[in-house]
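This report refers to the structure that appears directly beneath it.
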Amino acid sequence: MSPIHPKKLLNSKWTKVNVVHKLKHFSVIKAEYDEQQNVIECIIRAEINAQEFAIDWRDLKNSQLWKVGWQ
């Protein structure tokens, strides 16, 4: 599990372990929180073509799917 705190999501960089359609490097461009400071929306952007995807931020903790930083 990769350590990530929900408050530090915005602008964090990620590398997808299983590359699909040459989409490998991503940045979190939006993290929205509710009144209890729980993440309710997380949007990542592919660096190669600026495609945006909504994901469950907890998936970023799975080291079989994501690595912290650009590698």
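The values are calculated or read from the model by the stated rules, or taken from the named source; none is laboratory data. Keep in mind the model is a prediction, meaning the values are calculated, not measured. Glycine gets a Cβ as well: all are built from the backbone with ideal geometry, and neighbour counts include every protein chain shown.
Observations
- Test: residue in the range 9-30 that is exposed (fewer than 13 other Cβ atoms within 10 Å of the Cβ), aromatic (F, W, Y), out of contact with any helix residue (DSSP H, G or I) (no Cβ under 9 Å at 6 or more places or on another chain) and at pLDDT 95 or above: no
- Residue within the range 39-49 that is exposed (fewer than 13 other Cβ atoms within 10 Å of the Cβ), free of Cβ contacts under 8 Å to residues at least 24 places away in the same chain and either in contact with a Ser or Thr (Cβ under 9 Å, 6 or more places away or on another chain) or in a loop (DSSP other than H, G, I, E, B) (or both) present: no
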